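The next block holds one structure in the form of structure tokens; read it before the comments.
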């Protein structure tokens, strides 16, 4: 850091949406030649802040200064033309066009006749990529390249537009290890060229590798800004989660409790490109096993891999002693698995349909007799689960979209429970519901386990997952970092396991062995 005037300043910015304060007086500064980490758990406000900076949203209060002048961009294109480029993890290139045409899109070099000078465009594209150590056929369509090279092309495009600030949103999420190293080299070159980089990632190793400073957001507010080298990993995680760091000298005893009997669920060596890297654990009958870790640690990917929604390159899944290795959710359901996803609206309930229709959606094949479904059997099933789960609705015909978040969650649970599963996987079952509904859902989970189900719960709240689990499997960077059980189940031990054995050390004194953070 030069200590000079920031190239980009966000001053007391607020942004609200109906019922939600997304940004609450956020201030942030970025200097030229600096790589600044922007971190926080899901819903912390990172994406909203980026969208306010780049003109997707207008701020409701505060101001943005760029190059010493107050700015108000009407669109991301306007921000890009001014010198702020954003590279999203899903990419922003046109797959069927060549590398060179993507880099120069909308500003192709012209010859004397006003036509695109293809030769010059290809030469200049090759030179731009070469400056960042990237070799690629600039005449090839972007879709023919690996994800790593595509990321480099997106960066080259941004830099060639005279960007002074480059925002990278989870840039390594789809990259191989070799490609990640190349990206780090590019970030360092950007810094050498005086370009400011905002680096958004949940992988702690990356942050300590390439960033100088860090800003931590939680619930729409800045809770920490400072030099990353002076912030131990454990304190960084504490700031993100809103929990005090354990006292130095305390260490978590991380070991697996001895299993008794035949597990209902056995996952061994699960690994895949869009799945975990190496995950093994089991679940007993009547047991609640928590999957913990920061966002991006591989919790949801693990759950989806077990449920057949993410392809596996290796590993095995057994349900009640039988190897299933489901290749689709339908196959997983037949084997006795049920999965309640995190996103109720996108992957769970169908808001326009009634409570009745949502509950029986998965059970219709089982209720069918010769292609016909008995209305009496259907209504009896719905009535049973509405009473059992205490679903509050005016009637079974009320649209689910009109119910509270807690009751929507119960409808999703009812849908899967009427399938009589052996193992129930719940991804953030208490997210977005009020305190009273949380207590009800947590009580219901305990009751289901007492009835003999095996339950896997993903929960980002340390207090909730510690209180509601018999064991906790801690994931970090797609692999198991440890298991907590019995007297080990405390919030402090959980945070230490998430951070890594030497979490209390900064990168300068050897604390660089932890893994990535989370989903």
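Run residue 151 past the list (1) modelled with pLDDT of 85 or more; (2) assigned to a helix (DSSP H, G or I); (3) touching a strand residue (DSSP E or B) at 6+ places or on another chain (Cβ under 8 Å) and report the number of the one that doesn't hold.
Unmet for residue 151, out of (1) modelled with pLDDT of 85 or more; (2) assigned to a helix (DSSP H, G or I); (3) touching a strand residue (DSSP E or B) at 6+ places or on another chain (Cβ under 8 Å): (1).
Looking only at the stretch 397-411, which residues are in a loop (DSSP other than H, G, I, E, B) and closer than 18 Å to residue 430 by Cβ?
We begin by selecting, within the stretch 397-411, every residue in a loop (DSSP other than H, G, I, E, B); these are 397-398, 403-404.
Correct list: 403, 404.
Between 200, 186, which is under 24 Å from residue 11 (Cβ atoms) and either in contact (Cβ under 8 Å) with a residue 40 or more places away in the chain or crowded, with 18+ Cβ neighbours inside 10 Å (or both)? Can you show your working first?
On the way: 186 fails: under 24 Å from residue 11 (Cβ atoms).
Being under 24 Å from residue 11 (Cβ atoms) and either in contact (Cβ under 8 Å) with a residue 40 or more places away in the chain or crowded, with 18+ Cβ neighbours inside 10 Å (or both) holds for just one of 200, 186, which is 200.
Of the residues that sit in the stretch 302-330 and are modelled with pLDDT of 90 or more and in a helix (DSSP H, G or I), which one is nearest to residue 499 (Cα to Cα)?
302
Please name all residue pairs, on different chains or six or more residues apart, with Cβ atoms under 6 Å, provided the first residue is in the stretch 436-458 and is assigned by TED's automatic domain parsing to the domain that holds residue 468 and on the phi > 0 side of the Ramachandran plot and the second residue is surrounded by fewer than 21 Cβ atoms within 10 Å (Cβ to Cβ) and modelled with pLDDT of 85 or more.
452/285; 452/286
Results for (1) on the phi < 0 side of the Ramachandran plot; (2) modelled with pLDDT of 80 or more; (3) in the same structural domain as residue 21 (by TED's automatic domain parsing); (4) crowded, with 20+ Cβ neighbours inside 10 Å, shown as yes or no for each residue.
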residue	(1), (2), (3), (4)
217	yes, yes, yes, yes
227	yes, yes, yes, no
262	yes, no, no, no
293	no, yes, no, yes
299	yes, yes, no, yes
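For the structure I just gave you, tell me whether residue 62 is part of a loop (DSSP other than H, G, I, E, B) and farther than 30 Å from residue 140 by Cβ. Outline the logic, then answer.
On the way: part of a loop (DSSP other than H, G, I, E, B): no; farther than 30 Å from residue 140 by Cβ: yes.
Against the criterion (part of a loop (DSSP other than H, G, I, E, B) and farther than 30 Å from residue 140 by Cβ), residue 62 does not qualify.
Say whether the condition of being in a strand (DSSP E or B) and farther than 23 Å from residue 162 by Cα is met by at least one residue in the stretch 27-34.
Start the filter on the stretch 27-34 by keeping residues that are in a strand (DSSP E or B), which leaves 27-30.
Still in the running and farther than 23 Å from residue 162 by Cα: 27.
Within the stretch 27-34, one or more residues are in a strand (DSSP E or B) and farther than 23 Å from residue 162 by Cα.
The values are calculated or read from the model by the stated rules, or taken from the named source; none is laboratory data. In this text, all values refer to a predicted model and were calculated from it rather than measured experimentally. Cβ coordinates were reconstructed from backbone atoms using ideal geometry, including for glycine residues, and neighbour counts include every protein chain displayed.
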